[in-house]
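Here is the structure we will look at, set down as structure tokens.
The values are calculated or read from the model by the stated rules, or taken from the named source; none is laboratory data. This one's a predicted model, so the numbers in the text were calculated from it and none came from an experiment. Note that each Cβ is placed from the backbone with ideal geometry, even for glycine, and that neighbours are counted across all protein chains shown. Note: areas computed on protein heavy atoms with side chains; ligands, DNA, RNA excluded. Shrake-Rupley method; radii C 1.70, N 1.55, O 1.52, S 1.80 Å.
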Amino acid sequence: MAEEIRFDGRVAVVTGAGGGLGRAHALLLASRGAKVVVNDLGGAVNGTGSGTTPAENVCEEIRAQGGEAVPNFSSVATWEGAQEIIKTAVDNFGKVDILINNAGILRDKSMLKMDIEDWNIVIAVHLSGTFFCTKAALPIMRENNYGRIISTASAAGLYGNFGQTNYGAAKMGIAGLMNTVKLEGAKYNIKANTLVPIAGTRLTATVMPPQVVEKLKPEYVSPVVAYLASEQCELSGAILTAGAGYFSRAAMVEGPGVFFDDPESVTPEDIAAKLSEITSLEGAKEYDSATAQTGYALSHVKLD
Ligand code: NAI
């Protein structure tokens, strides 16, 4: 049997935890001993409005099962709000060990019909929100030489989805952000990973039939989040997908490519002629940093 994963003495912040996936993550961490800040702005799916009830209710649920939790109602989408969220953890529990960037909204429209405001607010909540909360938590994690950051991306970002240029860009941006947090956090024992969930929540209820929503419980995603939040976690910089009992890893890979010895002589016709070799992913590799990828790309360059 693997060692039991517990969070005794650990402090977790879960953003957007008033419902859906965030609530499920918060309940699981709290049931295993974590003290949890349940953040939620309490607005509508499209990011309008606010309220205290969702975060308060989840704190009540956690206390009812014998756990410890405090609510926070700030928006992740501003630097001030993010600082408030992390301050709630420090004021009540003395630190933050685990940050789950989960808050999210939708403003789906094809790009032709999308208003600039629909772009700005989605980028603000998802991408800036993840940056702000992570930036606010990092100094404390560095001080304690311990941190586990899980940020929420989406298949819409990794693979594209009609009507979601704003959301997809923000979600892929989050994966990119975590690639660098992984590098900057490494020497402080801060591990940063990205979750790509599939779950029936109010966010997906509009696009999925009720019987599908019922099968895709957010609780089915949370075990992988709890693993990534644990001391036992061996991963950093990973993108893990989860939903309905499916767990997997997605990755950015690059094929071995083609090297032309004389870059000056390469013509568009040479590209056309070699296209299948250039685009082949046979023997493709992952790189753990831009430096490693650039090192390979420039490996044939001879300096005078
Ligand atoms: P949800 O709507 O139930 O949960 C999102 C929560 O974030 C809501 O409770 C909302 O009030 C809160 N929130 C929104 N803006 C906020 C802000 N500015 N500050 C603080 N809280 C805010 O939806 P769900 O599905 O649980 O989504 C959780 C995360 O998972 C989101 O980031 C979403 O984009 C992502 N996701 C969900 C998928 C799914 O299949 N449900 C698929 C891929 C990604």
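A few points about this structure:
- Region 30-75, residues that are assigned to a helix (DSSP H, G or I) and either away from the ligand (no atom under 15 Å from the Cβ) or not assigned by TED's automatic domain parsing to the domain that holds G243 (or both): A30, S31, E60, I62, R63, A64
- Here E269 meets each of (1) open to solvent by less than 70 Å² (accessible area, probe 1.4 Å); (2) part of a helix (DSSP H, G or I) with one exception, condition (1).
- You will find that of L112, L195, L183, L127, the residue that is touching a residue at least 12 places away in the same chain (Cβ under 8 Å) and more than 15 Å from T15 (Cβ to Cβ) is L183 and no other.
Per-residue answers, yes or no, for (1) over 23 Å from A26 (Cα atoms); (2) open to solvent by less than 70 Å² (accessible area, probe 1.4 Å); (3) in contact with a Pro (Cβ under 7 Å, 6 or more places away or on another chain); (4) in the same structural domain as T48 (by TED's automatic domain parsing):
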position: D108; (1), (2), (3), (4): yes, no, no, yes
position: M111; (1), (2), (3), (4): yes, no, no, yes
position: S128; (1), (2), (3), (4): no, yes, no, yes
position: C133; (1), (2), (3), (4): no, yes, no, yes
position: L138; (1), (2), (3), (4): no, yes, no, yes
position: I149; (1), (2), (3), (4): no, yes, no, yes
position: G176; (1), (2), (3), (4): yes, yes, no, yes
position: A186; (1), (2), (3), (4): yes, yes, no, yes
position: P209; (1), (2), (3), (4): yes, yes, no, yes
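- Residue in region 211-234 that is among the polar types (S, T, N, Q), farther than 18 Å from G104 by Cα, away from the ligand (no atom under 14 Å from the Cβ) and touching a residue at least 12 places away in the same chain (Cβ under 8 Å) present: yes
- Among the residues of region 91-106, those identified as more than 15 Å from the ligand (Cβ to nearest atom) and open to solvent by 10 Å² or more (accessible area, probe 1.4 Å) are D91, N92, F93, G94, K95.
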